[in-house]
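Right, one structure below, let's go through it.
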Amino acid sequence: MSVRTPDPEPLPDEPSRPVNPGWLSDVELEEIRHRLPLLYVEAIPVRQDGLGRVTEVGILLRGTALGAITRTIVSGRVLYGETLRESLFRHLEKDLGPMAFPLLPASPVPFHVAEYFPLPGVSAFTDERQHAVSLAYVVPVTGTCEPRQDALEITWLTPEEASSDALAAEMEGGRGTLLRAALASVGALR
């Protein structure tokens, strides 16, 4: 599973220093991943009807570094000095495009806190690279979603389709469980 957020190119005059000091080099990131949990945000993009009921759930199709194709949700690291709201917005824009127009929650309280472990069986969530803690949000989007970066496409599913066992089997790291918890948190499961 890869929840990797690509790091920006270094500054031309200082190749060893990234553009944003909140970013880590690949070497630094690998070292830190073996020492402490990293903080992530995850978002389940949804479309709503006029009464605020979830009518569709956006699931990303993504290629992994090993060439596998998986289903996943919007996710990424929180940078040093970045608020949860800023991080959530940045990752939504990165994965869904600038015209998605996400409606960020008024409160930064997530619907779920997921703890990813490198070893299976410790929790429902796994990430073989690291121990990570993720704050998960359901985020309505009102615009046009055009996936960017490593997201290949977004598929809009009904809540019933999104909560299926078949989709959960296609999702990486236990995210099918997280998706069902998201749907339950907004009353979209029957």
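Which residue fluctuates the most in the chain, going by a Gaussian network model with Cα springs under 10 Å, if the choices are A114, A124, A136? In the Gaussian network model the winner is A124. Taking every alpha-carbon pair under 8 Å whose residues sit at least 6 apart, segment 36-186 reaches a relative contact order of 32 percent.
With the helix formula -39500 (n - 2.57) applied to DSSP H stretches of n ≥ 4, the chain reaches a computed 222 nm mean residue ellipticity of -6000 deg cm²/dmol.
Looking at the P(r) of segment 17-163, how many percent of alpha-carbon pairs lie beyond 25 Å? Intermediate values should be presented prior to the final figure.
Details: 3222 of 10731 pairs.
In whole percent, the share of Cα-Cα pairs in segment 17-163 beyond 25 Å is 30.
The phi torsions of segment 104-113, fed into the Karplus equation with coefficients 6.51, -1.76 and 1.60 and a -60° offset, translate into couplings of 5, x, 5, 10, x, 7, x, 7, 7, 10 Hz, rounded to whole numbers, with Gly and Pro shown as x.
When the solvent-accessible area of segment 36-186 is split by element, carbon and sulfur atoms take up 61 percent of it, the probe being 1.4 Å.
Taking amide H as placed 1.01 Å from N in the peptide plane, V78 has its amide H under 5 Å from the amide H of L39, Y40, V41, each at least 5 places away in sequence or on another chain.
If you roll a 1.4 Å probe over the heavy atoms of the protein chains, what accessible area per residue do you get for the chain, in Å²?
51
The values are calculated or read from the model by the stated rules, or taken from the named source; none is laboratory data. Quick caveat: nothing in here was measured; it's all calculated off a predicted structure. Heavy atoms of the whole protein, side chains included, go into the accessibility calculation; ligands, DNA and RNA do not. Shrake-Rupley method; radii C 1.70, N 1.55, O 1.52, S 1.80 Å.
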